[in-house]
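In what follows, a structure is listed as C-alpha cells, so that the remarks can point back to it.
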Amino acid sequence: MILLTFNIINIEAETKNGLQISDEERLKITEDNVRAILRILDIHDIKASFFVEVSITQKLQNLIKAISYKGHEIAFYNNNSNLQEIEETKKLTQDFLEKQIRGIRQKDFKLSQESLKSLEFNYVSNIDNSNILFPFKRLKRNTEIKEEDGLSIVPESISPYSQLPYNDFIFQILPMKYYQNMVFETLKKDEFVLIYLNSWQFTDFSTYDFKVPLYRKLSSGKKLEDKLDALLVWINEKELATSRMKDYIF
C-alpha cells in the first residue's frame, strides 16, 4: 500500500535583498501550491492525506473544504502549537467540515501521546528533519504501525535496501526511475510505503526570491509537479494500491 501525504505549511525562508513578503502573500503561495497538487491528484484519481499546519488552518478554510470535498483526508501538522490551540483548532475544523480529524503529524515540537489521545486523535505520524546530509545516515528502525496509549503510531518508511527514508528531500533529489525502483522493492518487504512532501517545495523560486539552498531549489516548483505526475502515472500503470492514512489504519 502507498500512503501519499502532503504537509501544508507556509515557507518560512527569508528573502534576498531585503524584499518583504507578507504573511498573506506567503499564505497565497501555499494555497496556489496546494491547488497545483490537487489538480495532479485529480488527473490520476488518487486520494491522499493532507496535514495542515495548525496555526494557518483557520485562514485556509476554503482550501481545506475543497480538499475534503475531493475526497482527501484532512489531518493536522503541529509546528509549535500548544495543546489548547490544537484543541480549539480541531473543534473549529471539525465543525466546518462536519468530519472528525483523526491524525496529527509532528517534527521538532512533540506533544505527549497521552495529550494527543486526550484530544481524541487516533493516530500520530511523526517525521524527522531532512537535509543534505540525511541520505548518508544509515537508519535501522521498526517500520510497522504499533499501538501505544490507545494511539496508532505510524513510523516513517525506510527502504530496506538503500536505507533511504521516503521524506520530502529524498523525493526531490532522487532520479524518478531510482525512486520508483525503491518503492517497488520496499513494497515486496513492507506492508506500506509512507511518502510525504511539503507544499512549499512546489514554490516557483524563480518568481519568489527566497533564501533557499541550491540543493533545495533543484527539482522544485513546476519540476516537482512533473515529478509527482510521473510518480502517479507509474503507480496507476503498475496498479499499485494507494490509501488515505485513516482508511489504511482503521
Quick one: which of Lys47/Lys117; Lys65/Lys90; Lys47/Lys146 span more than 18 angstrom between C-alpha atoms? Lys47/Lys117; Lys47/Lys146
Based on Cβ point charges of +1 for Lys and Arg and -1 for Asp and Glu, what charge dipole magnitude is obtained for the chain about its Cα centre, in debye rounded to the nearest 20? 620
In a shell of Cβ-Cβ distance under 13 Å around Leu3, excluding Leu3 itself, what net charge do Lys and Arg (+1) and Asp and Glu (-1) give? -1
Tell me, how many Å apart are the Cα centres for the stretch 100-131 and for the stretch 151-214? 19
Show that you can apply the helix-only estimate: for the chain, add -39,500 (n - 2.57) for every DSSP H stretch of four or more residues, divide by all residues, and state [θ] at 222 nm to the nearest 500. -11500 deg cm²/dmol
Rule-of-thumb check for the stretch 179-249: C-alpha Rg over 2.2 N^0.38 Å? 1.34
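Bear in mind these aren't lab numbers, they're just calculated from the coordinates by the rules spelled out. Because the structure is a prediction, the values reported are computed rather than measured. Please note: Cβ atoms are built from the backbone with ideal geometry, for glycine as well, and neighbour counts cover all protein chains shown.
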